[in-house]
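One structure is given here, and the rest of the page talks about it.
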Amino acid sequence: MSNGSTPPASRRPARTPLVVTAVLAALCCAGCGAVGDAASPARPGPERPAAGGSHTPAGQQTGRGEDDGKQSDGKQDDGTRSHGDKGDRDKGDGGRRGGPLQGKVVVIDPGHNPGNGDHTAEIARQVDVGNARKECDTTGTSTNAGYAEAAFTLDVARRARALLQKEGVKVVFTQDGDRPYGPCVDERAEIGNAAHADAALSIHADGAGAGNRGFHVIRPGVVHSGGADTRKITGPSRDLADHVVGRFVAATGSAPANYIGSGKGLDTRTDLGGLNLSRVPKVFLECGNMRDAQDAAHLTDPAWRQKAAVGIAEGITGFLRR
């Protein structure tokens, strides 16, 4: 944002010549067709082949729960309890009307909840995810210095919301630091379903071992069991994942994960209730690995988090414009 000052009166050009010039220009152009700048086309992510595989390489990580399976060491920084816009998860379009994507609905799911650590019994209860039963939620992970995933996801989600609202998108949050814990993973999916979302995205950061770096997007595999049926959303979810991968790389400069997804930044899972129970296109985004020092330096940097939000918003809007 420019902070230039107003020039002194002695340096200001006379007003009359400017007016005359403007009038002459208007007369000269009368009857001529105006030529405006064409709107910049959406820049969707590149097409990528399907990438399967487990989120947890054999023998590498253990004790992973449902809400992306990460358990923190209980450390939380002072920012994890910021409630922001308390009690207002559905911010609508922020009062903006007529944006290019007006009428579109996007659900943003900030992974975990800052209060989960104080409600371990509640989040440990089992819920049905269609093909299994898993924990209601988990506390999430944190950096080695104690910056909590729940703080990270809420910050990035709020930044992405502001960008999406500028496009006229109605943004619905699953939680905005406005509830004691949760919601459970099945409720997170149902919020997207009830909103009839055009797209849904769950924001996370991974808790893999040091040396494992980069981001990846998790998309739903085919599940048709119990209350889960992803057959109609796997195709559009793959498309959403491709857009997010492409724009996240461009916005952040981050590389796809070096430990999962064969370097494509894509993974497919059938064990996450947030995906299994969704009836709208949905993906999970692991923005980086909080346990790796180099990734943690990015995740804890507000400027980088803004870039991450840009990548998320551009990935989603590219998908919506396709």
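Quick notes on this structure:
- Cβ-derived FRET efficiency at R0 41 Å, A162 paired with A210, nearest 0.05: 0.80
- Cα gyration tensor shape of the range 117-268, rounded if a/c is under 1.5, else prolate or oblate by comparing a/b with b/c: rounded
- For the range 256-322, the carbon plus sulfur part of the accessible surface works out to 50%, probe radius 1.4 Å.
- Mean accessible surface per residue for the range 207-292, computed with a 1.4 Å probe while every protein chain stays in place, in Å²: 30 Å²
- Note: relative contact order over the range 228-297, using C-alpha pairs below 8 Å and six or more positions apart, is 40 percent.
- For the pair A145 and R125, label points projected 7 Å from Cα toward Cβ lie 3.8 nm apart.
The values are calculated or read from the model by the stated rules, or taken from the named source; none is laboratory data. All figures in this text were calculated on a predicted structure; none of them were measured in a lab. Quick reminder, even Gly has a Cβ in these numbers, built from the backbone with ideal geometry, and neighbours come from all protein chains shown. Just so you know, the surface numbers come from the protein's heavy atoms only, side chains and all, with ligands and any DNA or RNA stripped out. Shrake-Rupley method; radii C 1.70, N 1.55, O 1.52, S 1.80 Å.
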